[in-house]
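The values are calculated or read from the model by the stated rules, or taken from the named source; none is laboratory data. The structure displayed is predicted, hence computed values, not measured ones. As a convention, Cβ positions derive from the backbone with ideal geometry for all residues, glycine included, and neighbour counts pool all protein chains shown.
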Amino acid sequence: MCGIIGIVGNREVAPLLVDALKRLEYRGYDSAGVATIKDGKLDRRRAEGKLANLDRKLGEEPLAGHVGIGHTRWATHGAPTEANAHPHFCNGVAVVHNGIIENFAPLRAELMAKGATFYSQTDTEVVAQLLSAYRQEGLAPREAMQKALGRFEGAYALAVLFEDQPDMILGARSGPPLAVGHGQGEMFLGSDAIALAPFTDEITYLEDGDWVVIKRDLLEIHDRTGKLVERRRQKSQGAAYVVDKGNHRHFMEKEIYEQAEVVSHTLAHYIDFAEGRVKFESSLIDFANLDRLAMSACGTAYYAGLVGKYWFERFARLPVEIDVASEFRYREMPLTGRMAALFISQSGETADTLASLRYCRDHKLTIGAVVNVRESTIARESDAVFPTLAGPEIGVASTKAFTCQLSVLAALAMIAGRARGTLSAEDESKMVRALVEAPRLFNQVLTAIQPQIEMLSRELSRFKDVLYLGRGTSFPLALEGALKLKEISYIHAEGYAAGELKHGPIALIDETMPVIVIAPHDRHFEKTVSNMQEVAARGGRIILITDETGAAATTLETMATIVLPVVDEIVAPILYALPVQLIAYHTAVFMGTDVDQPRNLAKSVTVE
Ligand code: AGP
């Protein structure tokens, strides 16, 4: 998703804007630009591709000024060209935008009918043109902003410069996040706390519908009606984290290896180690009195939710209705009886997930959120927040957030089981002990399997299609493994329930289609072995991910057998995420793709 930065400063801002944009690179983008005001004149530099191109252009043609805005663009309307890159100008107005102005076409037609000339294919240019038109009608900046915002439908985070107001930036938020940073004699606007971290850790998050005026010594926040409002000023988390790769080649590799630490931190938040039991937070969601639990998320977070469904239903006997967020609310699921809804999101800003949350809130459900960003919109709009303590996840492919989400869901399933009297203290204690032991195994496993997986991935990178199979909680792992591989190596991959193989996908099996089977030696193992035999009988090449018991129990010839320690079934989905993450990572490295910022992808999808 796009990234926004604005600075009303007392020093040259162009390099500061670019530095802030570099901290927003993780969101995914395909062009970038900055604009400043100097001696009452607006000027800009824009470039296709990576920020290095913009940096180079600024080196060749420096941009002066102490007030400016910057943007990294993830293309929604119009190709990722320089002409479509932000900031967009129109008669002394400069605009950067994250989101989609859904009614941009009629607005563009209206403005063109009045003689406006457009220079880009973007929806964003309509914002600059409309503000300029209102200014030319004699409206002051604030009036023009209020009036223009009333015309827009869709989602936007905006930063606006007016050439005749050289010490002021206006901003607005409806959907994608936007925050104000409080400096010393400077004021900032940014998409998130990470972007603002180099300048300040004093942050004010805007609410949906807010618009702001910032000057060096002024912050005015208006709500949707234009009324002046106060919003909480808080210490940001973003500044606390050093966001760099350490001695790793990619953020994704670093984050894979951080999992032992961050899963430990996350488990510690929910488990009373002395007691050997989960911390019973009954005040958050009243699991004992629920008929059903609705769950919704996107992508990797959704696959974590699928694992959670098995656990809630098995250990708490709590029926779970789960769907991807982009479908959830359109099903018009009967949200009747005693229900709560749980949303899972690393960023806490995913538009589809947020829309599903609001749908459930409108139906008066208690809302819970498993999120990695405490100050995110989804967290702020939930009744109960269950944090994952993964720290900022920069790689677009989610890894440590996934295993932390699973850790939280395991704890919640046990809390629900205890609340509903379906989980004995003995079973809870056994599962807690297994979970507490898990992170210690992570680095041992990663070190043990890394060389084998590097070799295997070199072979995998030659194939065009890969199938992942799993049963029980290994089925969502198969879906996650396929997503990891396809989103960073661009190799087509599909995850399937192993039992479904003979209902269609087996037609695909031949020596050109490797089949990765996720199969700890659990109660599904024997049946999964039968599926592997069906694959082998058709010349399929198997990569088996199992444990020592499973490896000893099969005589099947495989392309590779990746052996993990035997673990409790509550730990298996968390531990088995490691090999599927490493397979995707090393395959992508061999493919030479942009591992941390894969093509077309964004870290936080703030448009529907
Ligand atoms: C996962 O590797 C992807 N980056 C993507 O599927 C992601 O999980 C999805 O967009 C949901 O994001 P969220 O957790 O921030 O809501």
Looking only at the stretch 570-586, decide whether some residue is of a type outside the set (Gly, Ala, Ser) and out of contact with any helix residue (DSSP H, G or I) (no Cβ under 8 Å at 6 or more places or on another chain). no
Exception for Ile562 within (1) surrounded by 22 or more Cβ atoms within 10 Å (Cβ to Cβ); (2) within 30 Å of Thr76 (Cα to Cα) falls at (2)
Taking Glu220 as the residue in question, decide whether it is closer than 30 Å to Asn10 by Cβ and in a loop (DSSP other than H, G, I, E, B). no
Exercise for review: Say whether the condition of being assigned to a loop (DSSP other than H, G, I, E, B), buried (at least 17 other Cβ atoms within 10 Å of the Cβ) and touching a Lys or Arg at 6+ places or on another chain (Cβ under 6 Å) is met by at least one residue in the stretch 262-273.
Suggested key: no
Counting only residues in the stretch 355-366 that are in a helix (DSSP H, G or I) and in contact with a strand residue (DSSP E or B) (Cβ under 8 Å, 6 or more places away or on another chain), the one farthest from Ala288 (Cα to Cα) is identified as Ser356
Picked from the stretch 361-378 (must be crowded, with 21+ Cβ neighbours inside 10 Å and closer than 18 Å to Asp208 by Cα), the residue modelled with the highest pLDDT is Ile378
Scanning the stretch 274-301 residue by residue, the ones that are under 30 Å from Ala482 (Cα atoms), hydroxyl-bearing (Ser, Thr, Tyr) and either surrounded by 24 or more Cβ atoms within 10 Å (Cβ to Cβ) or without any contact (Cβ under 8 Å) to a residue 12 or more places away in the chain (or both) total 1
Only one of Glu500, Glu569, Glu557 is without any contact (Cβ under 8 Å) to a residue 24 or more places away in the chain, surrounded by fewer than 22 Cβ atoms within 10 Å (Cβ to Cβ), charged (D, E, K, R) and within 14 Å of Ser474 (Cα to Cα), namely Glu500
Turns out the strands (runs of 3 or more DSSP E) fully within the stretch 81-172 with at least 3 residues that are in contact with a His (Cβ under 6 Å, 6 or more places away or on another chain), over 27 Å from Lys38 (Cα atoms) and among the aromatic types (Phe, Trp, Tyr) are none
Note: among Gly33, Gly6, Gly70, Gly65, just one is at pLDDT 95 or above, over 21 Å from the mean Cα position of the chain (by Cα), surrounded by 20 or more Cβ atoms within 10 Å (Cβ to Cβ) and part of a loop (DSSP other than H, G, I, E, B), namely Gly65
Exactly one of Ala113, Ala133, Ala128, Ala159 is closer than 20 Å to Leu42 by Cα and more than 32 Å from the chain's Cα centre (by Cα), and that residue is Ala133
Here the qualifying pairs (Cβ atoms under 9 Å; residues six or more apart or on different chains; first in the stretch 118-144 and free of Cβ contacts under 8 Å to residues at least 12 places away in the same chain; second assigned to a helix (DSSP H, G or I) and not aliphatic (A, V, I, L, M)) come out as Phe118/Arg108; Phe118/Glu125; Phe118/Gln129; Leu139/Gln146; Leu139/Lys147; Glu143/Tyr134
When the stretch 503-538 is checked residue by residue, the ones that are of a type outside the set (A, V, I, L, M), outside any helix (DSSP H, G or I) and without any contact (Cβ under 8 Å) to a residue 12 or more places away in the chain are Gly504
**Prompt:** Do we have Phe162 as at pLDDT 95 or above and in contact with a Pro (Cβ under 6 Å, 6 or more places away or on another chain) here?
**Reply:** yes
Out of (1) within 16 Å of the ligand (Cβ to nearest atom); (2) surrounded by fewer than 21 Cβ atoms within 10 Å (Cβ to Cβ); (3) under 19 Å from Glu454 (Cβ atoms); (4) among the hydrophobic types (A, V, I, L, M, F, W, C), the one Ala588 does not meet is (2)
Within the stretch 318-336, restricting to residues that are modelled with pLDDT of 95 or more and out of contact with any helix residue (DSSP H, G or I) (no Cβ under 8 Å at 6 or more places or on another chain), the one that is nearest to Arg420 (Cα to Cα) is Glu321
Within the stretch 501-516, the residues that are touching a helix residue (DSSP H, G or I) at 6+ places or on another chain (Cβ under 9 Å) and farther than 13 Å from Ile543 by Cα are Leu501, Lys502, Ile506, Ile509
Scanning the stretch 295-330 residue by residue, the ones that are in a helix (DSSP H, G or I) and within 16 Å of the ligand (Cβ to nearest atom) total 15
*Can you find even one residue in the stretch 365-373 that is away from the ligand (no atom under 16 Å from the Cβ) and over 23 Å from Ala274 (Cβ atoms)?*
yes
Condition set crowded, with 22+ Cβ neighbours inside 10 Å and of a type in the set (A, V, I, L, M, F, W, C), scope the stretch 379-395, selection farthest from the ligand (Cβ to nearest atom): answer is Phe386
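Conditions (1) at pLDDT below 95; (2) buried (at least 22 other Cβ atoms within 10 Å of the Cβ); (3) not in a helix (DSSP H, G or I), marked per residue:
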position	(1), (2), (3)
Lys430	no, no, no
Ala434	no, no, no
Glu437	yes, no, no
Arg440	yes, no, no
Leu456	no, yes, no
Leu483	no, yes, no
The one condition Ala602 fails out of (1) away from the ligand (no atom under 16 Å from the Cβ); (2) farther than 26 Å from Thr473 by Cα; (3) not basic (Lys, Arg) is (1)
### Query
Does any residue of the stretch 270-277 turn out to be among the basic types (Lys, Arg) and within 16 Å of the ligand (Cβ to nearest atom)?
no
Counted residues in the stretch 495-540 being farther than 19 Å from Pro573 by Cβ and among the charged types (D, E, K, R) come to 6
Subset of the stretch 334-353, residues without any contact (Cβ under 8 Å) to a residue 40 or more places away in the chain and either within 15 Å of the ligand (Cβ to nearest atom) or buried (at least 19 other Cβ atoms within 10 Å of the Cβ) (or both), comes to Gly348
Note: among Ala148, Ala144, just one is among the aliphatic types (A, V, I, L, M), crowded, with 17+ Cβ neighbours inside 10 Å and closer than 12 Å to Val93 by Cα, namely Ala144
Looking for something modelled with pLDDT under 95 and either out of contact with any helix residue (DSSP H, G or I) (no Cβ under 9 Å at 6 or more places or on another chain) or within 12 Å of the ligand (Cβ to nearest atom) (or both) - is there at least one such residue anywhere in the stretch 398-420? no
